[in-house]
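The values are calculated or read from the model by the stated rules, or taken from the named source; none is laboratory data. Predicted model only: the values in this text are computed from it and were never measured. Glycine gets a Cβ as well: all are built from the backbone with ideal geometry, and neighbour counts include every protein chain shown.
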Amino acid sequence: MDGVSLLADYFILCNAESTPQFRAILEEVEKRAKKAGGRRLHVEGDAGSGWVLLDYGAVVVHIFDPELRAYYNLEELWKEARLVVRIQ
């Protein structure tokens, strides 16, 4: 997000197809962030809403239901940002 937004250095966008998958992704992000010395500053949303945002300051993680991800289309909104990696 360097040069595009002051909100964060990195946005991570991913899909979760079910409530258990939301939980699994959340737990893994938390575990890895803690191991790397990161501390979650804020959380928004929940699995039931179809969207969760985890704010670690320099890194913001968005976990979406695929339908909501398509609706909000953050990739288009932030298209000027340099893509670091895309995993399909």
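Pairs please, first residue from segment 11-27 and within 15 Å of VAL59 (Cα to Cα), second anywhere and part of a strand (DSSP E or B) and not β-branched (Val, Ile, Thr), Cβ atoms under 9 Å, 6+ apart in sequence or on different chains.
Close Cβ pairs satisfying both conditions: PHE11/HIS62; ILE12/LEU54; ILE12/HIS62; LEU13/HIS62; LEU13/PHE64; CYS14/HIS62; CYS14/PHE64; LEU26/LEU54.
So for segment 46-67 (the condition being in a helix (DSSP H, G or I), out of contact with any Leu (no Cβ under 6 Å at 6 or more places or on another chain), of a type in the set (Asp, Glu) and without any contact (Cβ under 8 Å) to a residue 40 or more places away in the chain), does at least one residue qualify?
Within segment 46-67, the subset in a helix (DSSP H, G or I) is 47-49, 66-67.
Now restrict to residues that are out of contact with any Leu (no Cβ under 6 Å at 6 or more places or on another chain): 47-49, 66-67.
Narrowing further to those that are of a type in the set (Asp, Glu): 67.
Pick out the ones that are also without any contact (Cβ under 8 Å) to a residue 40 or more places away in the chain and you get 67.
Yes, segment 46-67 contains at least one residue that is in a helix (DSSP H, G or I), out of contact with any Leu (no Cβ under 6 Å at 6 or more places or on another chain), of a type in the set (Asp, Glu) and without any contact (Cβ under 8 Å) to a residue 40 or more places away in the chain.
Hey, can you tell me all the residues within segment 68-78 that are assigned to a loop (DSSP other than H, G, I, E, B) and either touching a Leu at 6+ places or on another chain (Cβ under 6 Å) or surrounded by 13 or more Cβ atoms within 10 Å (Cβ to Cβ) (or both)?
TRP78
Out of curiosity, is GLU28 in a helix (DSSP H, G or I) and surrounded by fewer than 18 Cβ atoms within 10 Å (Cβ to Cβ)? Explain how you work it out, then say what you get.
Details: in a helix (DSSP H, G or I): yes; surrounded by fewer than 18 Cβ atoms within 10 Å (Cβ to Cβ): yes.
Judged against the criteria, GLU28 is a match.
Looking at the structure I just gave you, is VAL60 surrounded by fewer than 11 Cβ atoms within 10 Å (Cβ to Cβ) and either among the aliphatic types (A, V, I, L, M) or modelled with pLDDT of 95 or more (or both)? Break it down stepwise before answering.
On the way: surrounded by fewer than 11 Cβ atoms within 10 Å (Cβ to Cβ): no; either among the aliphatic types (A, V, I, L, M) or modelled with pLDDT of 95 or more (or both): yes.
Criteria not met by VAL60.
Do you know which residues across segment 79-88 are of a type in the set (A, V, I, L, M, F, W, C) and either surrounded by 11 or more Cβ atoms within 10 Å (Cβ to Cβ) or touching a residue at least 40 places away in the same chain (Cβ under 8 Å) (or both)? Before you say what the answer is, go through the steps one by one.
Narrowing segment 79-88 to residues of a type in the set (A, V, I, L, M, F, W, C): 81, 83-85, 87.
Selection gives ALA81, VAL84.
Answer yes or no as to whether LEU54 is in contact with a Lys or Arg (Cβ under 9 Å, 6 or more places away or on another chain) and surrounded by 12 or more Cβ atoms within 10 Å (Cβ to Cβ). Full working, then the answer.
Values: in contact with a Lys or Arg (Cβ under 9 Å, 6 or more places away or on another chain): yes; surrounded by 12 or more Cβ atoms within 10 Å (Cβ to Cβ): yes.
For LEU54, the condition - in contact with a Lys or Arg (Cβ under 9 Å, 6 or more places away or on another chain) and surrounded by 12 or more Cβ atoms within 10 Å (Cβ to Cβ) - is met.
What are the residues in segment 37-47 that are of a type outside the set (A, V, I, L, M, F, W, C) and in contact with a Ser or Thr (Cβ under 7 Å, 6 or more places away or on another chain), if any? Walk me through it before giving the result.
Applying the first criterion (of a type outside the set (A, V, I, L, M, F, W, C)) to segment 37-47 yields 37-40, 42, 44-46.
If the condition is that a residue be of a type outside the set (A, V, I, L, M, F, W, C) and in contact with a Ser or Thr (Cβ under 7 Å, 6 or more places away or on another chain), then no residue fits.
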